[in-house]
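Any read-out appearing in this document is the output of simple, stated calculations on the displayed coordinates, not a laboratory observation. Fair warning: this is a prediction, and the values are worked out from it, not measured in the lab. Note: ideal-geometry Cβ built from the backbone for every residue, glycine included; neighbour counts use all protein chains shown.
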Amino acid sequence: MAPTKIAIVGAGLGGLAAALFLRRAGLDVAVYEQSTAFQEIGAGIVVPPNMVRPLRRLGLAKTLDEFAVRLEFAWEFRRWQDGRVISTTPMGERCELMYGAPCYVAHRADLREFLRSALPEETVRLDHRCSGVTQSRKGVVLEFVSASGRMLHVEADAAIGADGIHSNIRDSVTTQEEPRFSGLCAFRCLVPADRAPEMARRPVHTLWLGPGRHFVHYPISAGRLINIVAIAPAGDWRSESWTADGRFRTWRASSDSGTGGCISLSCRPRRPNVGPSSIERRWSNGRPDAFRCLETRRMRCCRFLRKARRSAWRTL
């Protein structure tokens with residue numbers, strides 16, 4: 001009997017991780033990515049213990065230290081006026097004891113390449129933009145378009161949408177809904193560690209809190225770079241982009257609370273909008289037997305997250 005064929009749309013972190021675990025379960029997996037080449041998009045990302053533990057099951061966690069930074073403290077909240085530490089969360093050995101794995105921070109591009117390199121080269125297929133998906137009694141048919149306009153149809157037993165906020169797969173699962181703009185934007189940049197102050201080079205996830213704004217920094221890429229994210233009101237900014245250039249003077253002008261004074265290093269900031277979408281109430285559509293197991297696990301995960309959120313608010 002031929003293995004179940006799964007088509008994953010999107011070769012980001014979610015799509016690549018899904019491919020690794022589905023291959024481990026013996027399924028026939030292909031990942032389709034619209035980009036013609038992998039590019040260095042994004043900056044820092046937290047790799048928490050509940051992500052490290054699955055990587056251990058794949059036999060991959062041992063190489064995290066080659067590009068990621070293992071945190072000693074996380075969520076070190078500092079007051080914007082004087083730098084006083086409001087609270088912090090010890091990581092290190094305590095994190096291992098409490099959660100069974102350490103907590104890392106990494107460059108998103110490094111983490112994506114780490115996952116991609118663990119898959120056979122033929123699994124990830126670039127230059128495939130999904131333009132539509134239809135269901136049949138036997139499975140799904142996906143339509144792809146290349147950058148040159150070439151059309152391709154792919155049949156699979158099931159399709160997984162990991163294609164981001166403008167997902168074509170999502171529209172086939174649930175009703176279409178535009179993201180809600182939060183009114184905030186994030187100024188992001190990477191600074192060489194040798195140009196950063198000593199306190200920014202520590203293996204610590206630090207957040208400076210000010211009225212309506214906050215400023216985050218932590219080391220990534222094995223300590224060679226410092227990731228910086230500054231959240232501020234967007235004002236008239238409405239361009240949706242993860243790569244639009246920003247300017248320090250714009251950030252400083254928007255940071256009348258004083259947090260703009262934290263920035264004393266020169267780099268080229270990016271300015272993406274921050275706009276959350278609504279939480280989906282339905283994560284699958286069609287052929288319910290194939291998705292019942294995934295849906296059950298998703299509900300258990302949601303109950304766990306709600307419980308954790310309530311606990312966090314009680315702690316605060």
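All other residues with a Cβ under 12 Å from the Cβ of N168 taken together, and with Lys, Arg as +1 and Asp, Glu as -1, what is their net charge? Let's see the in-between values first.
Working: positive: R129, R170; negative: E143, D163, D171.
In short, -1.
Neighbouring Cβ atoms within 10 Å as the yardstick, rank E198, E72 fewest first. Walk me through the numbers before you get to the answer.
Values: E198 6, E72 19.
Listed from fewest to most nearby Cβ atoms, that is E198, E72.
Among residues other than Y104 whose Cβ falls under 10 Å from its Cβ, what is the net charge (Lys/Arg +1, Asp/Glu -1)? Walk me through the numbers on the way to the answer.
Working: positive: R70; negative: D65.
After counting each charged neighbour, the total is 0.
Once you sort the root eigenvalues of the Cα gyration tensor of the stretch 5-77 as a ≥ b ≥ c, which label holds: rounded (a/c under 1.5), prolate (a/b larger than b/c) or oblate (the other case)? Kindly include the intermediate steps, with their values, before the conclusion.
Numbers: a/c = 2.53, a/b = 1.47, b/c = 1.72.
Note, shape of the stretch 5-77 comes out oblate.
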